[in-house]
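Everything on this sheet refers to the single structure shown next.
The values are calculated or read from the model by the stated rules, or taken from the named source; none is laboratory data. Model, not experiment: these values are computed from the prediction. Please note: Cβ atoms are built from the backbone with ideal geometry, for glycine as well, and neighbour counts cover all protein chains shown.
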Amino acid sequence: MSALLEARGLRLAFGGVKAADGIDLAVEEGEFLAIIGPNGAGKTTFINMATGYLRPQAGEITFRGRRILGLPPRRIVRLGIARSFQLPQLFTEHTVLENMALAIAAREGPWSPLAPLLRPAWRDEAMALLDSFGLAPLAERRGDALNEGARKLADIAMAVALKPRLLLMDEPTSGVAAADKMAVVETLARVLRQSGVTAVFVEHDMEVVDRFADRVAVWGQGRIMALGPPQAVLADPQVRRDVIGILPEEAAGHAPA
Amino acid sequence: MKRHAELLLALLGVLAVVLVAWAVPWLRFVLTIALAKGLAVLGILLLLRAGQVSFGHALFVAFAAYVVAFLAPLLPETLLLLPVAALGSALLGLLVGLFVVRYREIFFGMLNLALSMVFYSVLEKFYAITHGTDGIRLAPTRFAGMALEGAAQGWSVLLLALALSLGFGVLVRLHLASPMGQALAGIKTREPRLEFMGVPARRVLLSAYVLSACMAGCGGALIAMTTRHVTPALAYWTASGELVFIAILGGAGSVLGPFLGALAYELTRVYAAALVADAWQMILGTVLLLVILFAPGGLWGMGRALFARRRAA
Amino acid sequence: MADWLAQNGLLLGLATLDGLSNAAAIFMVAVGLNLVFGVLRVLNVAHGSLYAIGGYTAASLGLLLAASGLPDWLAFPLLLVAALLVGAVLGPPIEKLLLRRTRQHEPVLQLLITFALFMILEDLQKLVWGVQPVVNDTPLRLLGTVDVPFGADVIPFTTYQLFVLPGVALVTLVGLAWFLRRTLAGRMIVAVTADAEAARAMGIDAGRVMLLTFTAGAALAALGGALASPTVSLVPGVGAQTIVLSFAVVATAGLGQVEGAALAALLIGLGRAFAVYFEPELEVVIPYLIMVVVLLVRPQGLFGVVETRRI
């Protein structure tokens, strides 16, 4: 069986910095794959390449067996790869509900020029999705009137509303209050499992990684240093020293001894 | 509910225009011009939703006006000339739009300006065809086959302008609430996100651009039929600036804004010109300054604030 | 080709000389516009009016001088005085009373503020100087002409247009480049242009930098008008014409560019002059065609981002 997303030999350098230095990675259908590693290791660059935002200087990416390199982001998302952002990308002058409805509309297109965006079917779907993320009470707030955590969730909810086969999330829990973090990820995981979405997420919180990831890929200087089930990878002494060692206390402290 | 209130206001506005034109006949001309400009400004409003300012939409006004001027001798029928001219402007809009929607903000504004100035100088310099700055005079056209004279002719164009304003107003109102219109507003705040959702942002902007060119064309055709004299000045950059001026004066919050702004603008202009012939521009400029400094929501925003205060009291 | 050159060589030379002096005047206006855009992030539509008012003021002062019986050579420093006067009188109030108050508004509203200002200044200028052409060519006449050798021919050309106009433009270009790179005030301007917020965080008084830049930009526009005034007759509408020309220069150059503005002004000035001599129909169109072609190839303008650093 071939992988859902397969990257081979990706290389990309910005000036002298190698953001991708021969990345080979296969994401299997249905799994949750966590990407960890220090800042500047090229984690976001990988997401940017897989969604068509950056083009690698060498290598190949296939999605469901189809080559996607060179396609613009809007084509790739139509094939079934959606993403959320490290810095939430909401439409700041629209309400949260309108943001969601726009994502649903984007999925459903083409559009008739006169039918309203907030038609009953889309409104209901948007509200249901917001509800599952606990955002329903904020539906009428403007995108720029949310706190960081809510913005982050709404940003992910928009990507989920696109009903992708594969969802790439860039630090989904950064900005979410520590007390809410596990509940949020729990919800997210439930929604994704229900709809059979495969997920790749960049994460700094090892507790989240340990609990939700099926596999972990460790990034370092544009390469994958280790890949495997969380228990094995997080126990690896070199990973612990190079990656977890520089993470905040709480995360390091939680890793299995 | 709000939609119904806007429609009611629009119908009241139509009634008011008809009454004023009937009571003060010489204002009929001014009102027709105002509505024609309002149509063009409606297009500016559409682009403003996307955060883009065109400083060259007079191009489409002037193009349609000259189409009418050139075709009138061959096809002296108002009800045919107008759609042909509007369609011509829409096609030109498609052509120009394919180029300019690749740019944003200042570059978008300046390219529009540049292209309208190119058209301006073509009109001015190719005297053999366009009669240069002298312009072209138009014979009266028929209306649905009838040869109308004087007041009847004026009324026919005014009523046509009213019908178009109402029609396009409703159309744009619906369009703005549609996914396309909402995505247009998304271009202003978060264009990359649109792309990551699978929405081709440039195409969304292009369709708005073509619609705006078409409406500017309708305005231009009406202006040609009302003034019966077209000159290159229609395409000069200050004419484009005037359209943006009216959009801000009226307020970008409602499709009624452009018409409100255009009526206020033209009436101020007429009375200011009568009062101080050499300084009407100065008076309009001062009005614009005051509006931006003290009522950035324009006349529409001002009216709404007043209404809200009265209701709260 | 050789035949054509033999027949048109003289015209070619004349067009080149005209183009150079033309480019010099456009550069003075456009560079000010570009500086102001870089720092204040607003494209000042009234910038052309400042050019016109600079020209009118210089002409009026020149005519006063001629009537006063003072030495003729004072006509030259008077051009500079006129420019400084216009910059100092109009610059600060516009920046403080209008632009500063609306800095939090949407960009389109700021643009419209300057458009309103343009309308007001155009009429003001008509009220003060009337609609009849105003001419004062004393500086031009004082310096006489030089014979410029061109191939086998000589072209008599006014010394003023050959040396004074391009000379002042060159001094302005070099002076500005030096000022922006080597002086503290200049580096503050560069810092605010790059990132006003960061500059503020570093303790730079961005408001003051904006005020100074706007005033300097206004003075540069007025200086452009003052320098050009001996070579043209001033009529209403010259401001409207100048501003669109400077827009074309700025967009062609890339926003915020000093050296780019010089190159773009040169391209557009020469282009226009060649059009005047060979295809007069194209004169008005040429600047925009140049701009459109440049933006087709380089959407950021000639010097946008990559080349020479932004000021």
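Data table
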{"read-out": "Enumeration of residues in the stretch A:105-154 that are among the hydrophobic types (A, V, I, L, M, F, W, C), within 24 Å of A:A177 (Cα to Cα) and surrounded by fewer than 18 Cβ atoms within 10 Å (Cβ to Cβ)", "value": "A:M127, A:A128, A:A136, A:A145"}
{"read-out": "Count of residues meeting criterion [over 13 Å from the mean Cα position of the chain (by Cα) and in a helix (DSSP H, G or I)] in the stretch C:28-55", "value": "4"}
{"read-out": "Failed item, numbered, when B:L260 is tested on (1) closer than 24 Å to B:L94 by Cα; (2) within 15 Å of the chain's Cα centre (by Cα)", "value": "(1)"}
{"read-out": "Matching residues, the stretch A:64-77, being among the charged types (D, E, K, R), within 11 Å of chain B (Cβ to nearest Cβ) and surrounded by fewer than 16 Cβ atoms within 10 Å (Cβ to Cβ)", "value": "A:R75"}
{"read-out": "Positions within the stretch A:78-96 being at the interface with another protein chain (Cβ under 8 Å from one of its Cβ atoms), farther than 15 Å from B:G186 by Cβ and among the aliphatic types (A, V, I, L, M), in sequence order", "value": "A:A82"}
{"read-out": "Positions within the stretch B:21-63 being in contact with a Pro (Cβ under 7 Å, 6 or more places away or on another chain) and within 12 Å of chain C (Cβ to nearest Cβ), in sequence order", "value": "B:L45"}
{"read-out": "Inter-residue pairs, beta-carbon under 6 Å, first within 22 Å of B:L222 (Cα to Cα) and surrounded by 20 or more Cβ atoms within 10 Å (Cβ to Cβ) and in the stretch B:163-184, second of a type in the set (K, R) and modelled with pLDDT of 95 or more, 6+ apart", "value": "none"}
{"read-out": "Listing of helices (runs of 4 or more DSSP H) fully contained in the stretch B:1-95 that carry 1 or more residues being of a type in the set (S, T, N, Q)", "value": "B:27-49"}
{"read-out": "Pairs, first farther than 17 Å from B:L234 by Cβ and at pLDDT 85 or above in the stretch B:105-131, second β-branched (V, I, T) and outside any helix (DSSP H, G or I), C-beta under 6 Å, six or more apart", "value": "B:G109/B:V53"}
{"read-out": "Any hit, the stretch B:218-228, residues being out of contact with any Pro (no Cβ under 7 Å at 6 or more places or on another chain), more than 8 Å from every other protein chain (Cβ to nearest Cβ) and polar (S, T, N, Q)", "value": "yes"}
{"read-out": "Condition check for B:V101: over 25 Å from C:A240 (Cβ atoms) and either more than 14 Å from chain C (Cβ to nearest Cβ) or among the hydrophobic types (A, V, I, L, M, F, W, C) (or both)", "value": "yes"}
{"read-out": "Qualifying residue in the stretch C:287-304 (condition: away from chain B (no Cβ under 14 Å), surrounded by fewer than 20 Cβ atoms within 10 Å (Cβ to Cβ) and touching a helix residue (DSSP H, G or I) at 6+ places or on another chain (Cβ under 9 Å))", "value": "no"}
{"read-out": "Residue that is modelled with the lowest pLDDT, among those in the stretch B:249-260 that are within 12 Å of chain C (Cβ to nearest Cβ) and either on the phi > 0 side of the Ramachandran plot or not in a loop (DSSP other than H, G, I, E, B) (or both)", "value": "B:G251"}
{"read-out": "Search result, residues across the stretch A:221-238 that are farther than 20 Å from A:P172 by Cα and touching a residue at least 40 places away in the same chain (Cβ under 8 Å)", "value": "A:Q221, A:G222, A:R223, A:I224, A:M225, A:L227"}
{"read-out": "Meets criteria (under 29 Å from C:W129 (Cβ atoms) and part of a loop (DSSP other than H, G, I, E, B)) for B:A277", "value": "yes"}
{"read-out": "Test: residue in the stretch A:30-38 that is over 28 Å from A:V191 (Cβ atoms) and of a type in the set (D, E, K, R)", "value": "no"}
{"read-out": "Any hit, the stretch B:284-292, residues being modelled with pLDDT under 90, over 21 Å from the mean Cα position of the chain (by Cα), more than 25 Å from B:A5 (Cβ to Cβ) and part of a helix (DSSP H, G or I)", "value": "no"}
{"read-out": "Any helices (runs of 4 or more DSSP H) falling wholly within the stretch B:104-213 and containing at least 1 residues that are away from every other protein chain (no Cβ under 14 Å) and over 19 Å from B:A85 (Cβ atoms)", "value": "B:150-177"}
{"read-out": "Tally of residues being facing chain B (nearest Cβ under 9 Å) and buried (at least 16 other Cβ atoms within 10 Å of the Cβ) across the stretch C:108-136", "value": "17"}
{"read-out": "Qualifying residue in the stretch A:21-29 (condition: in a helix (DSSP H, G or I), touching a residue at least 24 places away in the same chain (Cβ under 8 Å) and either in contact with a His (Cβ under 8 Å, 6 or more places away or on another chain) or crowded, with 21+ Cβ neighbours inside 10 Å (or both))", "value": "no"}
{"read-out": "Residue within the stretch C:129-144 that is hydrophobic (A, V, I, L, M, F, W, C), assigned to a helix (DSSP H, G or I) and within 27 Å of C:R208 (Cα to Cα) present", "value": "no"}
{"read-out": "Some residue of the stretch A:64-80 being in contact with a Phe, Trp or Tyr (Cβ under 8 Å, 6 or more places away or on another chain), closer than 15 Å to A:P172 by Cα and of a type in the set (A, V, I, L, M, F, W, C)", "value": "no"}
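Table: residues versus (1) touching a strand residue (DSSP E or B) at 6+ places or on another chain (Cβ under 6 Å); (2) closer than 22 Å to C:A219 by Cβ; (3) assigned to a helix (DSSP H, G or I).
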| site | (1), (2), (3) |
| --- | --- |
| C:T57 | no, yes, yes |
| C:W73 | no, no, yes |
| C:V81 | no, yes, yes |
| C:P92 | no, yes, yes |
| C:Q104 | no, no, no |
| C:Q110 | no, yes, yes |
| C:L117 | no, yes, yes |
